[in-house]
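The values are calculated or read from the model by the stated rules, or taken from the named source; none is laboratory data. For clarity, every value in this text was computed on a predicted model and none was experimentally measured. Here the Cβ is made from the backbone with ideal geometry for all residues, glycine too, and neighbour counts use every protein chain on show. With ligands, DNA and RNA removed, areas are computed over all heavy atoms of the protein, side chains included. Shrake-Rupley method; radii C 1.70, N 1.55, O 1.52, S 1.80 Å.
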Amino acid sequence: MKTPTARLDKLLSGMGYASRREIQMLARNGRIRLDGAPLSAGDERLKLTPDLEDRLDVDGEGLDPLPGFALMLHKPLGVTCSHKEAGPLVYDLLPARWRRREPAISTVGRLDKETSGLLLMTDDGALLHRIISPRRHVPKRYRAHLARPLEGTEAAAFASGTLMLEGEDKPLKPAELEPVGEREAVLTVHEGRYHQVRRMFAALGNHVEALHRERIGGLDLPEDLAAGQWRRLTVEDIAAIFLAPSSDTR
Ligand code: URA
């Protein structure tokens, strides 16, 4: 397959560095270098190979991720998965320049403002749709702390495939619940309805006090990724999303 190419000014402006005209100025002033040698013309065509990120620098700084990348964020409590709502947004946790990227970075689904845990973000629309597509059933695992003790009937109700959420006319797909304490449970769901986990417990008369997403598909939130931190997904991470995960809940 032929390696795609891009014009330097178009590539860097799409990555949020500056306008195309400003990129041309930067190039003319020798501030953009490939393998250490200045690229003098903004209209130069570059091969979009993955190693371009390591070979190209702007003002001595390594290049941001090329288009078509994905990351995991440990979403903290109190930040919103939105491009435009008021208050702190998940996008504020990423480098400021990334806000100007085109294609834009989006969250892969959403977590509520008061839910923490594993959130994927990408500028790759095809990848995003593969993960959220209802046909793929990528499972999502949550840890919920509840206001009231579990009654022991919840696992069967969630597994039944007949539970209805208030205001909806289609039953939920079966979901797996494992109690891990009197008021704590791990729940794996295979769809992504609005406030799904909170509404599932509400349907049984309980209330979720704290909610944290631990896993998407076979990809775990790493223990060493603190709240508010992010890291890029590797090829292996992306493959793990689509692997059937094991069912351990530790
Ligand atoms: N279910 C919820 O209720 N909230 C989330 O953020 C995710 C799943």
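Couple of notes before you dig in:
- Exposed-site-free run, longest, the chain (rule: chymotrypsin sites (Phe, Trp or Tyr not before Pro); DSSP loop; at most 14 other C-beta within 10 Å): 1-193
- Once the convex hull of all Cα atoms in the chain is built, its volume per residue stands at 148 Å³.
- Cut-off under 5 Å, modelled amide H: who pairs with Ala70 long-range: Leu233
- Rh by Kirkwood over Cα pairs, then Stokes-Einstein D for region 5-62 at 1.002 mPa s and 20 °C, µm²/s: 196
- Reachable aspartates and glutamates from Lys84, criterion Cα separation under 14 angstrom, eight or more residues apart if same chain: Asp92
- Surface per residue (accessible, 1.4 Å probe) for the chain, Å²: 54
- Accessible surface of the chain [probe 1.4 Å, protein heavy atoms]: carbon and sulfur percent: 52
- In a simple Cβ point-charge model (Lys, Arg +1; Asp, Glu -1; nothing else charged), the chain has a dipole of about 840 debye relative to its Cα centre.
- Given charges at Cβ of Lys, Arg, Asp, Glu: the chain dipole, positive-most of Ile131, Ile241, Leu77: Ile131
- Taking all C-alpha pairs of region 133-187, those more than 19 Å from each other amount to 36 percent.
- Bridge type composition, the chain - antiparallel percent by DSSP, nearest 5: 90
- Less than 5 angstrom separates the built amide H of Ala175 from those of Ala159, Ser160, Gly161, all sequence-distant by 5 or more or on a different chain.
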